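> So that we are looking at the same thing, I have put the structure below in structure tokens.
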Amino acid sequence: MLTCMEMGWSGTWGPLLGFTSFFLAVHVAAILRVEPIYARAFKLSRGCAALILTLLGICALLGGWDHWPEAFLYRHEDGDWMRTGLLAVFGHLLADFAWMAVGKWKYGISPRKDLIIHHGLGVIGFGAALVLGIGYAFGLLTMITEVLPLTTGVNAWGKRIAVTRVVVVADRARLHVLAWLRLPLWISLLVLVTKTLIEGTEEGMFLAYLVAGFGLISLIALDIYWVQKCRAHVDFY
């Protein structure tokens, strides 16, 4: 199995640079062409990116369905399209980090610590998957839940056009996504991961399942925190 480094620039680093540049361009376009207020522009650009990421998650769900008993954690063959999909997700995370740095440097807006933790978990987990050739489907599947930043984008658009009803509907939708999609998905995957750990993993897969388990526990904790923020009507920058 080829590792990320062995595949070379054209196989990994070139596409990764391209995806990072694309998502960074979406951030720039949002603030220059749509919304001059940084916090709202960031919501809008992340909402646009969420459409792409959610589609990738749905495709991974369908493409890796035969592996659901293994929590979608398995070794991938060379040339699997899901590697390119995961590179797109990784590029999105890097672009968000870069844009948060711009927000701090140019606009004096400190990035959310919870968002940094969330993205940091993704960089570590997805980076390991890309290097080892394991768990592309697992990583992409989590993107189904990117419908959450889509609701945040709708919230920002409602504020942009000054329609309170849109803002209220988006806020309610965000809470429903957290309660009825994200948390159930994380818990279901954690159950499958735990079951596999107890019954015994395929040779060489134990560490991957262990890391996935800790990652899912962290995501559950973050989502419980975000549910509390939603119920307290705290604005999501």
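The values are calculated or read from the model by the stated rules, or taken from the named source; none is laboratory data. Not measured: the values here are computed from a predicted model. Cβ placement follows ideal geometry from the backbone for every residue including glycine, while neighbour counts extend to all protein chains displayed.
> Considering only the range 181-200, I want to know if a residue exists there that is without any contact (Cβ under 8 Å) to a residue 60 or more places away in the chain, over 20 Å from V89 (Cβ atoms) and outside any helix (DSSP H, G or I).
yes
> How about the range 204-228: which of its residues are within 16 Å of A129 (Cα to Cα) and either touching a helix residue (DSSP H, G or I) at 6+ places or on another chain (Cβ under 8 Å) or not in a helix (DSSP H, G or I) (or both)?
Step one: list which residues in the range 204-228 are within 16 Å of A129 (Cα to Cα), which gives 204-216.
Matches in the range 204-228: G204, M205, F206, A208, Y209, L210, V211, A212, G213, G215, L216.
> Considering only residues of the range 179-197 that are out of contact with any helix residue (DSSP H, G or I) (no Cβ under 9 Å at 6 or more places or on another chain) and modelled with pLDDT of 95 or more, which is farthest from G57 (Cα to Cα)? Show your work before the answer.
The first filter runs over the range 179-197 and keeps only residues out of contact with any helix residue (DSSP H, G or I) (no Cβ under 9 Å at 6 or more places or on another chain), leaving 180, 184, 188, 191.
Narrowing further to those that are modelled with pLDDT of 95 or more: 184, 188, 191.
On the way: P184: 16, S188: 16, V191: 20 Å.
Step by step, filter the range 179-197, then rank; the result is V191.
> Name, by its number, the condition in (1) among the aliphatic types (A, V, I, L, M); (2) surrounded by 15 or more Cβ atoms within 10 Å (Cβ to Cβ); (3) more than 17 Å from the chain's Cα centre (by Cα) that does not hold for L183.
Condition (3) is where L183 drops out.
> Of all residues in the range 102-147, which are more than 10 Å from the chain's Cα centre (by Cα) and charged (D, E, K, R)?
If the condition is that a residue be more than 10 Å from the chain's Cα centre (by Cα) and charged (D, E, K, R), then K104, K106, R112, K113, D114 are the ones that fit.
> What tally of residues in the range 104-117 results from selecting those that are closer than 24 Å to D223 by Cα and in contact with a Phe, Trp or Tyr (Cβ under 9 Å, 6 or more places away or on another chain)? Break it down stepwise before answering.
Restricting attention to the range 104-117, the residues satisfying the condition of being closer than 24 Å to D223 by Cα are 109-117.
Narrowing further to those that are in contact with a Phe, Trp or Tyr (Cβ under 9 Å, 6 or more places away or on another chain): 109, 111-112, 114-116.
Of the residues in the range 104-117, 6 are closer than 24 Å to D223 by Cα and in contact with a Phe, Trp or Tyr (Cβ under 9 Å, 6 or more places away or on another chain).
> Can you confirm whether the range 129-146 contains a residue that is surrounded by fewer than 15 Cβ atoms within 10 Å (Cβ to Cβ), within 24 Å of A95 (Cβ to Cβ) and at pLDDT below 95?
Within the range 129-146, one or more residues are surrounded by fewer than 15 Cβ atoms within 10 Å (Cβ to Cβ), within 24 Å of A95 (Cβ to Cβ) and at pLDDT below 95.
> Answer yes if at least one residue in the range 207-221 is touching a Gly at 6+ places or on another chain (Cβ under 7 Å), surrounded by 13 or more Cβ atoms within 10 Å (Cβ to Cβ) and within 30 Å of A39 (Cβ to Cβ), and no otherwise.
yes
> Could you list, ordered by first residue, the pairs with Cβ atoms under 8 Å in which the first is in the range 84-96 and modelled with pLDDT of 95 or more and assigned to a helix (DSSP H, G or I) and the second is charged (D, E, K, R) and buried (at least 23 other Cβ atoms within 10 Å of the Cβ), at least 6 apart or interchain?
Cβ pairs passing all conditions: D96/R46.
> Something else about it: Just the residues that are within 30 Å of E202 (Cβ to Cβ) and touching a His at 6+ places or on another chain (Cβ under 7 Å), please, taken from the range 21-80. Write out each step before concluding.
We begin by selecting, within the range 21-80, every residue within 30 Å of E202 (Cβ to Cβ); these are 53-80.
Once the filter is applied, which keeps residues that are within 30 Å of E202 (Cβ to Cβ) and touching a His at 6+ places or on another chain (Cβ under 7 Å), the range 21-80 yields L53, Y74.
> Identify, from the list L115, L121, L140, the residue that is part of a helix (DSSP H, G or I) and closer than 21 Å to I58 by Cβ.
Numbers: L115 fails: closer than 21 Å to I58 by Cβ; L121 fails: closer than 21 Å to I58 by Cβ.
The match here is L140.
> Working carefully through the options L73, L51, find the one that is outside any helix (DSSP H, G or I) and touching a residue at least 12 places away in the same chain (Cβ under 8 Å).
Unique residue meeting the criteria: L73.
> Oh, and also: With the structure loaded, tell me whether V193 is touching a Ser or Thr at 6+ places or on another chain (Cβ under 8 Å) and over 16 Å from K43 (Cα atoms) or whether it fails that test. Please lay out each step first, then the result.
On the way: touching a Ser or Thr at 6+ places or on another chain (Cβ under 8 Å): no; over 16 Å from K43 (Cα atoms): yes.
No.
> In the range 159-201, what residues are closer than 20 Å to V211 by Cβ and acidic (D, E)? Write out each step before concluding.
Quick first cut of the range 159-201, residues closer than 20 Å to V211 by Cβ only: 182, 185-201.
E199, the sole residue that qualifies.
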